[in-house]
1. Across the range 1-21, which residue is modelled with the highest pLDDT among those that are part of a strand (DSSP E or B) and open to solvent by 40 Å² or more (accessible area, probe 1.4 Å)?
2. Looking at the range 45-86, which of its residues are among the aliphatic types (A, V, I, L, M) and in contact with a helix residue (DSSP H, G or I) (Cβ under 7 Å, 6 or more places away or on another chain)?
3. Check Arg133, Arg70, Arg108 and return the single one that is in contact with a Ser or Thr (Cβ under 7 Å, 6 or more places away or on another chain) and among the basic types (Lys, Arg).
4. How many residues are assigned to a helix (DSSP H, G or I), of a type in the set (A, V, I, L, M) and open to solvent by less than 60 Å² (accessible area, probe 1.4 Å) when one looks only at the range 60-77?
5. Quickly run through the range 98-119 and pick out the residues that are open to solvent by less than 100 Å² (accessible area, probe 1.4 Å), of a type in the set (A, V, I, L, M, F, W, C) and over 21 Å from Glu58 (Cα atoms).
6. Could you please find all residues in the range 66-109 being in contact (Cβ under 8 Å) with a residue 24 or more places away in the chain and under 16 Å from Glu38 (Cα atoms)?
7. Considering only the range 78-91, I want to know if a residue exists there that is open to solvent by 80 Å² or more (accessible area, probe 1.4 Å), among the aromatic types (Phe, Trp, Tyr) and either in contact with an Asp or Glu (Cβ under 8 Å, 6 or more places away or on another chain) or in a helix (DSSP H, G or I) (or both).
8. Answer yes or no: is there a residue in the range 46-59 that is among the aromatic types (Phe, Trp, Tyr), modelled with pLDDT of 95 or more and not in a strand (DSSP E or B).
Amino acid sequence: MAPRARTTSASSSRAATYTISQLAREFALTTRAIRFYEDSRLIAPARAGRARVYGERERVRIKLILRGKRLGLALSEIGELLDLYEVRRNERAQLAAFLELLAERRRRLLQQREDIEIVLSEIDGIERECRRRLAGATPSVAVQTAVQASD
């Protein structure tokens, strides 16, 4: 549930604004994380004196940053996508770039899955060998064999 936003009068329209604490609560982030996104130029809140004033734009960008992180994208990749939309205001270009990033992420995940399967297979073989040795060994030989195997 979104926090209650403050509204400000600008002409006849009312723009929602949020404090850093409100956004931190809404997205289960620390205020430090939000400031980090600002330092990384992923969000750019307005200033009212020394206070940061976050608008709907920053709120949506934080939501997109978190979605990108869940997908395993680097902050630099997320920033490129956000900037692409800002510069071109072209959803088509942004979507095409996003598809490329997702394809690359999928490729990396598939490679990781293959690597994990190989390691798990090796572990299975080592476990079988250890059990075989333990089943046929006397207690002192089993301890000595286990120590040698760990070296």
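1. It comes out as Ala15.
2. Listed by number, the residues that qualify are Ile62, Leu64, Ile65, Leu66, Leu71, Leu73, Ile78, Leu81, Leu82, Leu84.
3. Only one candidate passes the filter, namely Arg133.
4. Number satisfying all stated conditions: 4.
5. Hits for the range 98-119 are Leu101, Leu102, Ala103, Leu109, Leu110, Ile116, Ile118, Val119.
6. Scanning the range 66-109 gives Leu66, Leu75, Glu77, Ile78, Gly79, Leu82.
7. Yes, the range 78-91 has at least one match.
8. The answer is no, given that none of the residues of the range 46-59 is among the aromatic types (Phe, Trp, Tyr), modelled with pLDDT of 95 or more and not in a strand (DSSP E or B).
The values are calculated or read from the model by the stated rules, or taken from the named source; none is laboratory data. Owing to the predicted nature of the structure, the values given are computational and were not obtained by experimental measurement. FYI the Cβ positions are ideal-geometry reconstructions off the backbone, even for glycines, and counts take in every protein chain you see. These accessible areas exclude ligands, DNA and RNA; they are computed on the full protein's heavy atoms, side chains included. Shrake-Rupley method; radii C 1.70, N 1.55, O 1.52, S 1.80 Å.
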